[in-house]
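Enquirer: Got a structure for you, questions after.
The values are calculated or read from the model by the stated rules, or taken from the named source; none is laboratory data. What you see is a predicted model, and the numbers here were worked out from it, not measured in a lab. As a convention, Cβ positions derive from the backbone with ideal geometry for all residues, glycine included, and neighbour counts pool all protein chains shown.
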Amino acid sequence: MDRKTIDVYDAKAGEYAKLVTSDTPSRHLRAFMDALPQGGTVLDLGCGPGNAAATLRDAGFGVTAIDASPKMVELGAERYGLNITLGTFDDVNETAIYDGVWASFSLLHAPRADIPRHLSAIHTALKPQGVFVIGVKTGTGTSRDAIGRQYTYFEPDELDRILRDAGFTPIASDSGSDTGLSGETSPWIIVTAHA
């Protein structure tokens, strides 16, 4: 991952946690949980401060959480008692152990050239018919936001194609726009797929 992006998350971990923390799961996280077997195993990839991982754990799932920001790892331990692994997308190397992988607006920080490799590793880590949720910002190219985070943008058709190329079957999508940590409003798409 881009070092400058990680540095921004380290510097703004507390602000980011306030932005994403909620008393109730988002509709996307709720749908993800509903699609998993009771007590299933989940990877929260790019978990940030651990709010989704904690929700999944508290709902009875076995959760592995990973993030590249040391401050996010610390925050997850302090706030939720999570044992988050400090690591990157390249650390996904398991085979058929997860019922679900939650990648909510994390993989969009990876270089476009690396995305097929990361998706292939996620597909391998999922059990057959496992559930994968990916959220990205829509658009084209790459750029940095107002606070310096590097983004890779995807058009919906491109995201569908690269998911299928990695062996996934997209089954649902949702789109919208939100104002993020940088204060900028950006369009996004969240896709649910089966391995």
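Results for (1) farther than 19 Å from I190 by Cβ; (2) modelled with pLDDT of 95 or more; (3) in a loop (DSSP other than H, G, I, E, B); (4) in contact with a Leu (Cβ under 7 Å, 6 or more places away or on another chain), shown as yes or no for each residue.
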position: K18; (1), (2), (3), (4): yes, no, no, no
position: S22; (1), (2), (3), (4): no, no, yes, no
position: P25; (1), (2), (3), (4): no, no, yes, no
position: F32; (1), (2), (3), (4): no, yes, no, no
position: G39; (1), (2), (3), (4): yes, yes, yes, no
position: L43; (1), (2), (3), (4): no, yes, no, no
position: T55; (1), (2), (3), (4): no, yes, no, yes
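Enquirer: Restricting to the stretch 177-195, and then to whatever is within 19 Å of Q129 (Cβ to Cβ) and β-branched (V, I, T), can you tell me which residue is surrounded by the fewest Cβ atoms within 10 Å (Cβ to Cβ)?
Expert: The qualifying residue surrounded by the fewest Cβ atoms within 10 Å (Cβ to Cβ) is T192.
Enquirer: In this structure, is S177 of a type in the set (S, T, N, Q) and under 24 Å from V20 (Cα atoms)?
Expert: Yes: the conditions hold for S177.
Enquirer: Another question, if that's okay. Can you tell me which residues in the stretch 103-145 are outside any strand (DSSP E or B), in contact (Cβ under 8 Å) with a residue 24 or more places away in the chain and over 16 Å from C47 (Cβ atoms)?
Expert: P111, R112, D114, I115, P116, L119, S120, A121, H123, T124, G139, D145
Enquirer: Please enumerate the residues belonging to the stretch 35-72 that are of a type in the set (S, T, Y) and in contact (Cβ under 8 Å) with a residue 40 or more places away in the chain.
Expert: Matches in the stretch 35-72: T41, S69.
Enquirer: Moving on to the next point. Given the structure, is T140 in contact with an Asp or Glu (Cβ under 7 Å, 6 or more places away or on another chain) and more than 20 Å from L126 (Cβ to Cβ)?
Expert: So T140 passes the test.
Enquirer: Give I147, I115 a once-over and let me know the one that is crowded, with 19+ Cβ neighbours inside 10 Å, out of contact with any strand residue (DSSP E or B) (no Cβ under 6 Å at 6 or more places or on another chain) and farther than 24 Å from L36 by Cα.
Expert: Step by step, each of I147, I115 is checked, and only I115 is crowded, with 19+ Cβ neighbours inside 10 Å, out of contact with any strand residue (DSSP E or B) (no Cβ under 6 Å at 6 or more places or on another chain) and farther than 24 Å from L36 by Cα.
Enquirer: Within the stretch 152-176, can you find the residues that are crowded, with 19+ Cβ neighbours inside 10 Å and not in a loop (DSSP other than H, G, I, E, B)?
Expert: Matches in the stretch 152-176: T152, F154, L159, L163.
Enquirer: Still on this model: In the stretch 11-34, how many are under 17 Å from G62 (Cβ atoms) and either of a type in the set (S, T, N, Q) or in contact (Cβ under 8 Å) with a residue 60 or more places away in the chain (or both)?
Expert: Selection size over the stretch 11-34: 2.
Enquirer: Which of the residues belonging to the stretch 74-102 are out of contact with any Asp or Glu (no Cβ under 8 Å at 6 or more places or on another chain), buried (at least 20 other Cβ atoms within 10 Å of the Cβ) and either in a loop (DSSP other than H, G, I, E, B) or small (G, A, S) (or both)?
Expert: Those that are out of contact with any Asp or Glu (no Cβ under 8 Å at 6 or more places or on another chain), buried (at least 20 other Cβ atoms within 10 Å of the Cβ) and either in a loop (DSSP other than H, G, I, E, B) or small (G, A, S) (or both): L82, V92, G100.
Enquirer: Select from the stretch 51-73 the residues that are among the charged types (D, E, K, R) and under 23 Å from V131 (Cα atoms) and write down the one among them that is surrounded by the fewest Cβ atoms within 10 Å (Cβ to Cβ).
Expert: Among residues in the stretch 51-73 that are among the charged types (D, E, K, R) and under 23 Å from V131 (Cα atoms), the one surrounded by the fewest Cβ atoms within 10 Å (Cβ to Cβ) is D58.
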